[in-house]
Amino acid sequence: MRKYLLVMTMVLVFGTVVTGCGNKETDTEEVTATETPAAEDEGTGSTAEDTAEVAEAPVAPSFDDVDLSEIVKLPQYKGMDLEKIVTTVTKEAVDAEIKSALENAPVEDEDGVVEDGDIANIDYEGKVDDVAFDGGTDQGHDLRIGSGAFIPGFEEQLIGMKKGDTKDIDITFPEQYNEELAGKDAVFTVTINNISKVLDVPTDAWVEENTEYSNVAEYEESVEKAITEYNEETAEKELATQALTKLFDDAEIIEYLQEAVDYGEQLYEQGVQQYADYSGQTIEEFVESQGMTMEQYNEDKEENAKGIAKQVLVLNATVQAEGIKVGDDAYNAMLAVIVEEMQMSEEELIEAYGQGDVEQNILVRCIQDVILENANITEVEGSIDDIDGEEIELTEEMLQEMMEGEEIEFDEEFDEEADEEDDADHEEE
């Protein structure tokens, strides 16, 4: 949990600085739970996540009247040695992107039969003892054969059917199912409305139908260009992360100002409270669910608060050292950049994120540019898969969610890794 919460609070403090501001209207991919012809217990339809309210973020303290040169010993941040990852786009990478696109745009097959991997659009009605049950009926449902989305044995029995065919299939609900249907035999009457197949390779006809291009060659060229641009954007973001991380690591705090530490504690507490609220728990219950005592939680809070305080003090000290102020030419130039990136006016930014946060992020972006413009950057061959950050990869979606006050979700792999490290820490203690 320590690593988990440390990363969470780091995201809160300078997430938008690390990646730059993304478009507020980010694209989202619809994700559905495992489907079955019969619904699981529906419950009330209301969850703790639905009802939890996100508290307003604490306001960062101002140090305009404090000479931070006496508080923070800054490193030589001009002339930093940094490495930029340069990734060569391979044919395998292009083919993988095209394969994904083909899977998302299957081609309807009027005369074929259902095969493994096909998308079958079906109507179905399920009955137990000749009585239809709740959640067992649907029309116009797209089912990928072999996906395992439906009850075991259901999809396999559709193989070989043609468009317009109707068939009764017998299945047995798993023992680990809802109480009403667990272990029971059922009969589903299924009609195939149409069959769509995923092409192995794109054709000119598929490209013209599904993209803005007219042939395969143009489409492949566009995919390669898109991957190249994505790799470059990712490398630039990592470079900015690297610069800021080095600035924080190499700086020395001579004296921790209490207002900075208090701000760190407030951010930490708010982050933990947010997770507790989303899980319908008190902080004490949430902390216990993470395998920690309140004493360990308070130790973590103190440790993280100092980490946040250091970031805040170092960033503000650098702003002072560069003489950048709200409203000056450098500030206004960066404001124009962010307005363009976010596709929002200054007034909309302030309304969405607050005057203080907008000003803070603009100033920090100015510092980020100062560091990069004066850095010794060496290009090294690598892969964007190598870009992880120190703790975990802070993706743009994660950062944007936190900037907008939403819950942030970490990968299960990270959660498991963090739990393992916590267990090791506890054993050492």
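The values are calculated or read from the model by the stated rules, or taken from the named source; none is laboratory data. All figures in this text were calculated on a predicted structure; none of them were measured in a lab. Backbone-built Cβ (ideal geometry, glycine too); neighbour counts: all protein chains shown.
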Hits in region 208-219 (condition: under 30 Å from residue 114 (Cβ atoms) and in a helix (DSSP H, G or I)): 208, 209, 210, 216, 219
Failed criterion for residue 115 (all others in (1) of a type outside the set (Phe, Trp, Tyr); (2) in contact with a helix residue (DSSP H, G or I) (Cβ under 9 Å, 6 or more places away or on another chain); (3) assigned by TED's automatic domain parsing to the domain that holds residue 165; (4) part of a loop (DSSP other than H, G, I, E, B) hold): (2)
Counted residues, region 185-207 - those being outside any strand (DSSP E or B) and surrounded by 15 or more Cβ atoms within 10 Å (Cβ to Cβ): 5
From 350, 338, residue being among the β-branched types (Val, Ile, Thr), surrounded by 15 or more Cβ atoms within 10 Å (Cβ to Cβ) and under 23 Å from residue 238 (Cβ atoms): 338
Qualifying residue in region 348-359 (condition: out of contact with any Gly (no Cβ under 7 Å at 6 or more places or on another chain), modelled with pLDDT under 95 and not in a helix (DSSP H, G or I)): yes
Enumerated helices (runs of 4 or more DSSP H) restricted to region 245-329, each holding at least 3 residues that are closer than 30 Å to residue 75 by Cβ and touching a helix residue (DSSP H, G or I) at 6+ places or on another chain (Cβ under 9 Å): 258-278, 294-322
